[in-house]
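Chemist: I'd like to ask some things about the structure below.
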Amino acid sequence: MGNPAKKNLTMDNERRPIDQKRESGGQADIGSEADGAIVEMFNLNDRLLIVKERAVYELILADSIDPNRENFDLPTNIQRLVLNCGTESELVCRSFLTAKRLFKEHYLLETIDSNKILGLSLELTKELVAFNDEINEYLNDVKRAGSEYNTQIATKGSYAIPSITNLETQCKTIFQKADHVTQALMEIVTVFFPEEKLNKQSHFPKLHELLRSKFGENDKFVKFLGDSVKFLELIRSLRNCLDHRLPNVKVRDFELKPNSEILAPTIEIDYRDSTLDRTNLENFLPIVKKNLMTVCEGVIASLADKGTKAGKGIPNYVKFIPEDRRKNKYIQFSFWSPLGDGGFFDQQ
């Protein structure tokens, strides 16, 4: 009878160095301490996503890049930053992490590809983050211009009012990004209602009409869309008018009034069914962001509710979580079943 230890040693020696490297154990520091702690990890379409408090990373294995194992120098694990915000971000929680909680295969109808929807939800969140970054850049520019003005009036010399020289371009970019968010959201909708022949360019008023005829006037999702349509059309109108330089939209830089008051940059529009009186951009843009987050979250929750399989046992519903029962304060929806006192919220 041979020596098992010697046999195993022989087998190890027959393996190529690159095989030993790829198959050996190891560890990787994901991101930096500034990203906070790792909160969860999960697979998404053959990608390992690592969600931290202030970032989301993707961990890529060398074999997925070099499956034939030809490049010994390739690192065993490669990480890539996916989002520069994580579980502490209201925006990420009310979009991607809400979708991750709700779009689960065991809750949804067999005809719905949960992995595909979750992948689209990640793209939606990327668009939201890009939109938010543009707003923050504008708000910082306003703050900088105001600070420079205050410094200037405290010194002797010619009088100059604040200015944002690329204001119209910034507004165009912001509302392009906002419209990209609505398109990404519509693409998720198309997976749930393929028979309606929608695409990501479809308008939400059309979706509202389709679902009203399908589910009736008193349906919760139909009512939610009815309350959101005007806002979503305003975003589309602002994007179109700014893109095509139509006179229906007016963007004004800082202005000096006759009473020496400085008026901050404003925007207004009168285009088809979309009207907005002259409004301070610094006040308006955070409202747009808040409304867009609410629409994304509401559509995600409503789609999950519509796509829930009937089940043979205890029924499940998508339900709003009371604040004192939330695992994460920003994730406001989960599947609920009538178990125990107050029911059970699945917050995994």
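The values are calculated or read from the model by the stated rules, or taken from the named source; none is laboratory data. For clarity, every value in this text was computed on a predicted model and none was experimentally measured. Backbone-built Cβ (ideal geometry, glycine too); neighbour counts: all protein chains shown.
Chemist: Looking at the structure I just gave you, is Val222 touching a helix residue (DSSP H, G or I) at 6+ places or on another chain (Cβ under 8 Å), in a helix (DSSP H, G or I) and at pLDDT below 95?
Modeler: Judged against the criteria, Val222 is not a match.
Chemist: Listed residues Leu120, Leu139; which is within 24 Å of Gly307 (Cβ to Cβ) and outside any loop (DSSP other than H, G, I, E, B)?
Modeler: Details: Leu139 fails: within 24 Å of Gly307 (Cβ to Cβ).
After ruling out the rest, the residue left standing is Leu120.
One line per residue, one yes/no per condition, for (1) buried (at least 17 other Cβ atoms within 10 Å of the Cβ); (2) modelled with pLDDT of 85 or more; (3) within 30 Å of Asn132 (Cβ to Cβ):
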| position | (1), (2), (3) |
| --- | --- |
| Gly25 | no, no, no |
| Ala28 | no, no, yes |
| Ala37 | no, yes, yes |
| Asp46 | no, no, yes |
| Val51 | yes, yes, yes |
| Asp66 | no, no, no |
| Asp73 | no, no, no |
| Val82 | yes, yes, yes |
| Gly86 | yes, yes, yes |
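Chemist: Tell me which residues, restricted to the range 104-113, are assigned to a loop (DSSP other than H, G, I, E, B) and not β-branched (Val, Ile, Thr). It would help to see each step written out before you state the result.
Modeler: Initially, the range 104-113 is screened for residues assigned to a loop (DSSP other than H, G, I, E, B), giving 104-107, 109-113.
If the condition is that a residue be assigned to a loop (DSSP other than H, G, I, E, B) and not β-branched (Val, Ile, Thr), then Lys104, Glu105, His106, Tyr107, Leu109, Glu110, Asp113 are the ones that fit.
Chemist: Looking for something among the aliphatic types (A, V, I, L, M), out of contact with any Phe, Trp or Tyr (no Cβ under 8 Å at 6 or more places or on another chain), within 23 Å of Lys329 (Cα to Cα) and at pLDDT 95 or above - is there at least one such residue anywhere in the range 99-111?
Modeler: yes
Chemist: Would you check if there is a residue in the range 195-205 being surrounded by 19 or more Cβ atoms within 10 Å (Cβ to Cβ), touching a Phe, Trp or Tyr at 6+ places or on another chain (Cβ under 8 Å), in a helix (DSSP H, G or I) and without any contact (Cβ under 8 Å) to a residue 40 or more places away in the chain?
Modeler: no
Residues are listed down the side, and each one gets a yes or a no for (1) assigned by TED's automatic domain parsing to the domain that holds Leu139; (2) within 26 Å of the chain's Cα centre (by Cα); (3) within 23 Å of Thr111 (Cβ to Cβ):
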position: Glu196; (1), (2), (3): yes, yes, yes
position: Lys206; (1), (2), (3): yes, yes, yes
position: Val222; (1), (2), (3): yes, yes, yes
position: Arg236; (1), (2), (3): yes, yes, no
position: Asp243; (1), (2), (3): yes, yes, no
position: Glu255; (1), (2), (3): yes, no, no
position: Ile267; (1), (2), (3): yes, yes, no
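Chemist: Can you tell me which residue among Leu303, Leu281 is in the same structural domain as Ile262 (by TED's automatic domain parsing), under 24 Å from Leu97 (Cβ atoms) and in contact (Cβ under 8 Å) with a residue 60 or more places away in the chain?
Modeler: On the way: Leu281 fails: under 24 Å from Leu97 (Cβ atoms).
From the options Leu303, Leu281, the qualifying one is Leu303.
Chemist: Hey, another quick one. Could you tell me which of the residues Asn248, Asn259 is under 30 Å from Gly146 (Cβ atoms), modelled with pLDDT under 95 and surrounded by fewer than 20 Cβ atoms within 10 Å (Cβ to Cβ)?
Modeler: Values: Asn248 fails: modelled with pLDDT under 95.
One residue alone meets the criteria, Asn259.
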